[in-house]
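Engineer: Handing you a structure now.
Just so it is clear, none of the values below were taken in a lab; they were calculated from the coordinates. As the structure is a computational prediction, the values presented were derived from the model and not from experiment. As a convention, Cβ positions derive from the backbone with ideal geometry for all residues, glycine included, and neighbour counts pool all protein chains shown.
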Amino acid sequence: MPCIPRQESLLDSADNSELTVTDVVKRTPPQTKQQATFQRLVQQIDSQRVQLKAWHAYSERYNQRVGGELLPLFAQLREKRIAMLRLFDTQFHQRDVVRGRQQRAKLCDIILNLARDLLLEQRDEEIVALHDSYNDLGYDEQAELDKVFSQDIVEKLFGVRLEDDDTGGSMEEMLAKAMHKRQEEAAKSGTEQGSRRRKSAKQAAAEEKRAAAQKEISQSVREVYRKLASSLHPDRASADLTADEKTILMQRVNQAYDQGDLLELLNIQLEIEQISADYLADLPAERVEHYIQVLREQQAELKAELASLLAPYRALVSLTPKLKPDRVDKAVDAEVARLEMNLRQADIDLIAFQDGKQLAAFIKQYQVNNEPDEFDELQMLDDFLGGFSEPPPPPARRRKR
């Protein structure tokens, strides 16, 4: 396919094959609102790609730090806490160490809370047995009751029925599954109602118009793909590209087309000089509008991918509005320092609490938490929602006279 003839422009001073679409739009003032939107989307997508690339590169270093620094410290601290649990158990049964019903009740509460925290992290049969020796209700029995109670609350809250497979995780997972099931049922109900309701002529015409527009948009992208595929066909002679180079470029074209990556397709066109910088600046308004719709979808996908990639880091750096790798590194440094401090304190406490007097002083200062836990709060929420069988109807709208 012959190259599109190029006109002289300010961009001709640079080699076209070295330019990207982003380079072109940065140097080309927009003449219309459509062109401004197209250029803004191109630059935003390019920026998102740079961020994704940087975070993917950083993830390897982060995983190395987690595996090499954080996890060993977590493991060491867990061993110290298990040793503390065993020490509390030993001291509880020693005569003249813990005196009086109130002190014994407090130490029992300390033992149960520590055992539950350790079991939430990882199940250990020795800890389960120790927990059950201090509680009338066994750990597994309590967990089953909590699950049934939570399931009942969540089902009432969302008006759905959860299966056994939906209740095996945490409360957050159960709520997410219930919400998803509610949305699915609502969507299904809406579809069924829509299928039973006859469409008006206006609605049918609007749907037909949207379908035609979507077909035109897809055709615009497919046209770019066909031009590239034709130019890079192995049987087509080229003075600039070898067969191997064509094969590599065609792999990029196929991958970009499969992923709906319009920007990459345009970059390849520019790279092989199938289009020029002036061509991008003078795109027909209808074609620009088609490209805008495709780029918006591409931008939304990249935004979702970036949000998913950053989610684990935001749990570590929750108060930072703009996340950067160096800030995550500082948060990891702070977590390492915190764990090391906790390890040193654990060593001090393990020695101190072997002395009955120091243990008694610690127990005296300990406050039993009588605040309602997660399930009590859910019960309060359930009681509150129980007073409303249905939401109140919206107020009647007055007609303007």
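Engineer: How far is it, in nm, from the label point at A129 to the one at K324 when both lie 7 Å from their Cα along the line to the Cβ?
Structural biologist: Modelled inter-label distance: 5.4 nm.
Engineer: Under 8 Å for C-alpha pairs, at least 6 residues apart: give me the relative contact order for the stretch 60-179, rounded to a whole percent. Let's see the in-between values first.
Structural biologist: Details: 52 pairs, mean separation 16.4, N = 120.
It rounds to 14 percent for the stretch 60-179.
Engineer: How big is the gap, in Å, between the Cα center of the stretch 235-286 and the Cα center of the stretch 294-325?
Structural biologist: The stretch 235-286 and the stretch 294-325 have Cα centres spaced 29 Å from each other.
Engineer: How large is the Rg to Rh ratio of the stretch 234-298 when both quantities use alpha carbon positions and Rh follows Kirkwood?
Structural biologist: My calculation of the ratio gives 1.02.
Engineer: Would you list D109, D235, D240 from fewest to most Cβ contacts within 10 Å?
Structural biologist: D235, D240, D109
Engineer: Also: Could you derive backbone 3J(HN,Hα) for the stretch 215-222 from the dihedral phi with the Karplus parameters 6.51, -1.76 and 1.60 (θ = phi - 60°), listing whole Hz in sequence and x where the residue is Gly or Pro?
Structural biologist: My calculation for the stretch 215-222 gives 5, 5, 4, 4, 5, 5, 5, 5 Hz in order.
Engineer: Now a separate question. Pulled fully out, how much extra length does the chain show between K188 and L145, if you take 0.36 nm times their separation in residues and subtract their Cα-Cα distance? Write out the running numbers ahead of the final one.
Structural biologist: On the way: separation 43, 0.36 × 43 = 15.48 nm, distance 3.26 nm.
Residue separation times 0.36 nm, minus the Cα-Cα distance, leaves 12.2 nm.
Engineer: Please work out, to two decimal places, the log10 of the ratio I(q)/I(0) at q = 0.10, 0.18, 0.22 Å⁻¹ from a Debye calculation in which every Cα of the stretch 11-119 carries one identical scatterer.
Structural biologist: Normalising to I(0) and taking log10 leaves -0.60, -0.96, -1.13.
Engineer: Taking neighbour Cβ counts within 10 Å as the exposure measure, how do L157, L120 sort from fewest upward? Working shown, then result.
Structural biologist: Working: L157 16, L120 10.
Fewest-to-most ranking of L157, L120: L120, L157.
Engineer: Any chance you could run the full-extension gain for V336 through K53? It's 0.36 nm times the residue separation minus the Cα-Cα distance, nm to one decimal. Spell out each step's value before the answer.
Structural biologist: On the way: separation 283, 0.36 × 283 = 101.88 nm, distance 2.66 nm.
Full extension from V336 to K53 adds 99.2 nm.
Engineer: At q = 0.12, 0.27 Å⁻¹, what base-10 log of I(q)/I(0) does the Debye formula yield for the stretch 82-158 when every alpha carbon is treated as an equal point scatterer in vacuo?
Structural biologist: With one equal scatterer per Cα and no solvent, log10 I(q)/I(0) is -0.42, -1.25.
Engineer: Still on this model: Using 0.36 nm times the number of residues separating Q44 and D164, minus their current alpha carbon distance, what extension gain do you get?
Structural biologist: Numbers: separation 120, 0.36 × 120 = 43.20 nm, distance 4.41 nm.
Taking Q44 through D164 to full extension adds about 38.8 nm, to one decimal.
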